[in-house]
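These notes are about the structure you will find just below.
The values are calculated or read from the model by the stated rules, or taken from the named source; none is laboratory data. Just so you know, these numbers come straight off a predicted model, no measurement behind them. Heads up, the Cβs are rebuilt from the backbone with ideal geometry, glycines too, and the neighbour counts pull from every protein chain shown. Please note that ligands, DNA and RNA were not included when accessible areas were found on the heavy atoms of the full protein model with its side chains. Shrake-Rupley method; radii C 1.70, N 1.55, O 1.52, S 1.80 Å.
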Amino acid sequence: MTDTPEPTKAHFRSDVTVDLVKSAAADSDVLFAARVSTAGEQSLEEVTKDPERSKGLINFLMRDRHGSPFEHNSMTFFISAPIFVFREFMRHRVGWSYNEESGRYRELEPVFYTPGESRKLIQRGRPGKYEFVEGTPEQHALTSRVMEDSYRQAYDAYQEMLAAGVAREVARAVLPVGLFSTMYATCNARSLMHFLGLRTQHELAKVPSFPQREIEMVGEQMEQHWAGLMPLTHAAFNKNGRVAP
């Protein structure tokens, strides 16, 4: 008589997390970069001056889309999210650097994404003109049950192959894109603004965007960190329609 294998001890999450692990970003970075064009070496004085006195210049640069002064800064985020979020994320290439955990070099943990109760489930309309609306309690229960069953089955298959000596880089092929992964993402304010303009919805945005909710959740947390580092730049971004300069 064979023992019944233990069920997969999977963990299911409906959230994402974003930690700011390192930054060199301040509103004064925009000012010294902008003023070098007219002040030369005297622009170095902007490094130690209060940027509040020059918020009008920041707004001018944003409004008239003089973008390069917004690149002289850096933020590194540690992000935990489902793989399908990262596949969308990596469409953003200019001004971004990424390093993600590897299923070739480590055994992947059974942590999977399931939509929370606030996640709209139903798509209406056609591509380009559709909208998402609330699902019923029954649809939410069905979604959670089916996804969890599928995740457990996939991870059991993964474990079975690893136990048989199959290489991690081969066995990982059975795992779904709802598996959580982690990565470092480094950007500057200009590249982040472009990301936010496409991947978040906001009442102040001049150009509408239609992001998938899960990547928007990442964007919202990144924006909170950035707003604390560069409040004048963030305010100018909102004032001018959330369009990257």
_Show the residue pairs meeting these rules: Cβ distance below 6 Å; 6+ apart or different chains; first residue within region 12-35 and without any contact (Cβ under 8 Å) to a residue 24 or more places away in the chain; second residue small (Gly, Ala, Ser) and surrounded by fewer than 17 Cβ atoms within 10 Å (Cβ to Cβ)._
Arg35/Ser43
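Filter region 163-189 for residues that are assigned to a helix (DSSP H, G or I) and surrounded by 21 or more Cβ atoms within 10 Å (Cβ to Cβ) and give the result. Walk me through it before giving the result.
Let us first name the residues in region 163-189 that are assigned to a helix (DSSP H, G or I), namely 163, 168-174, 189.
Hits for region 163-189 are Ala171, Ala189.
Kindly provide the set of residues from region 48-64 that are surrounded by 12 or more Cβ atoms within 10 Å (Cβ to Cβ) and either in a helix (DSSP H, G or I) or β-branched (Val, Ile, Thr) (or both), ordered by number. Before you say what the answer is, go through the steps one by one.
The first filter runs over region 48-64 and keeps only residues surrounded by 12 or more Cβ atoms within 10 Å (Cβ to Cβ), leaving 49, 51, 54-55, 57-63.
Hits for region 48-64 are Pro51, Ser54, Lys55, Leu57, Ile58, Asn59, Phe60, Leu61, Met62, Arg63.
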_Filter region 13-36 down to the residues that are in a helix (DSSP H, G or I), β-branched (Val, Ile, Thr) and crowded, with 19+ Cβ neighbours inside 10 Å and list them by number._
Val30
*Within region 87-109, restricting attention to residues that are open to solvent by 40 Å² or more (accessible area, probe 1.4 Å), touching a strand residue (DSSP E or B) at 6+ places or on another chain (Cβ under 8 Å) and outside any loop (DSSP other than H, G, I, E, B), which residue is nearest to Ala157 (Cα to Cα)?*
Glu100
*Considering region 134-169 alone, what residues qualify as being of a type outside the set (D, E, K, R) and under 14 Å from Pro115 (Cα atoms)?*
Gly135, Thr136, Pro137, Gln139, His140, Ala141, Leu142, Thr143, Ser144, Val146, Met147, Tyr151
*Can you give me the number of residues within region 195-245 that are more than 12 Å from the chain's Cα centre (by Cα), open to solvent by less than 50 Å² (accessible area, probe 1.4 Å) and touching a residue at least 40 places away in the same chain (Cβ under 8 Å)?*
13
*Identify, please: which residue in region 75-85 is in contact with a helix residue (DSSP H, G or I) (Cβ under 9 Å, 6 or more places away or on another chain) and either open to solvent by less than 40 Å² (accessible area, probe 1.4 Å) or part of a loop (DSSP other than H, G, I, E, B) (or both) and is, among those, farthest from Phe180 (Cα to Cα)?*
Met75
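For Leu192, indicate whether it is buried (at least 16 other Cβ atoms within 10 Å of the Cβ), within 12 Å of the chain's Cα centre (by Cα) and within 22 Å of Leu57 (Cα to Cα). Don't jump to the end; show me each part of the working.
Details: buried (at least 16 other Cβ atoms within 10 Å of the Cβ): yes; within 12 Å of the chain's Cα centre (by Cα): yes; within 22 Å of Leu57 (Cα to Cα): yes.
Criteria met by Leu192.
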_Filter result for the condition that a residue is free of Cβ contacts under 8 Å to residues at least 40 places away in the same chain, touching a Phe, Trp or Tyr at 6+ places or on another chain (Cβ under 9 Å) and among the polar types (S, T, N, Q), over Gln139, Gln153, Gln123_ = Gln123
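Please go through region 195-245 and give me each residue that is among the hydroxyl-bearing types (Ser, Thr, Tyr) and modelled with pLDDT under 95, ordered by number. Outline the logic, then answer.
Pass one, region 195-245, residues among the hydroxyl-bearing types (Ser, Thr, Tyr): 200, 209, 233.
Once the filter is applied, which keeps residues that are among the hydroxyl-bearing types (Ser, Thr, Tyr) and modelled with pLDDT under 95, region 195-245 yields only Ser209.
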_I'm checking my understanding of the structure. Among residues of region 200-242 that are outside any helix (DSSP H, G or I) and touching a helix residue (DSSP H, G or I) at 6+ places or on another chain (Cβ under 6 Å), which one is nearest to Val85 (Cα to Cα)?_
Pro211
